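The values are calculated or read from the model by the stated rules, or taken from the named source; none is laboratory data. These figures come from a predicted structure and were not determined experimentally. Reconstructed Cβ throughout: ideal geometry from the backbone, glycine too, with neighbour counts over all protein chains shown. Ligands, DNA and RNA are stripped out before the accessible areas are found, and what is left, the full protein with its side chains, is counted by its heavy atoms. Shrake-Rupley method; radii C 1.70, N 1.55, O 1.52, S 1.80 Å.
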Amino acid sequence: YRTVFKPDDLLQITISAQNLKSVAPFNLPAVNFSVTTGLAIAQPQQQAFLVDSNGEIDFPVLGKIKVGGKSREEVIELFKKIMNQVYCH
């Protein structure tokens with residue numbers, strides 16, 4: 001049995017490289033605001049990406065990427081391929 005991503009799944013994706021500055025645009029932090037005793041407190045957290053009804057996520061810089069119907073391993077390989085195309089060509 002193979003688990004694949006489907007609409008309404010929430011993915012956390014981190015792009016890594018030896019040069020962290022080069023991948024910073026892909027790893028935008030999300031900010032969660034909670035109100036405690038009348039004060040707003042911001043806590044940085046990893047951004048999550050919602051798989052839409054077309055099986056796509058909207059990823060920073062790269063735009064829409066089809067992940068629906070793919071396994072975790074397939075999505076990792078897809079991102080490697082995309083990043084190689086972006087940075088090696």
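Checked against the criteria, residue 77 counts as under 18 Å from residue 4 (Cα atoms), within 15 Å of the chain's Cα centre (by Cα), surrounded by fewer than 16 Cβ atoms within 10 Å (Cβ to Cβ) and modelled with pLDDT of 95 or more. Taking the stated definitions as given, is residue 38 at pLDDT 80 or above and open to solvent by less than 90 Å² (accessible area, probe 1.4 Å)? No: the conditions fail for residue 38. Restricting attention to region 57-73 and to residues that are closer than 19 Å to residue 2 by Cα and touching a residue at least 40 places away in the same chain (Cβ under 8 Å), the residue that is surrounded by the most Cβ atoms within 10 Å (Cβ to Cβ) turns out to be 67. Taking the criterion of being outside any strand (DSSP E or B) and modelled with pLDDT of 95 or more, the residues of region 41-64 that qualify are 51, 52, 53, 54, 55. In region 1-31, how many are within 18 Å of residue 76 (Cα to Cα) and of a type in the set (D, E, K, R)? Residues in region 1-31 being within 18 Å of residue 76 (Cα to Cα) and of a type in the set (D, E, K, R): 3 in total.
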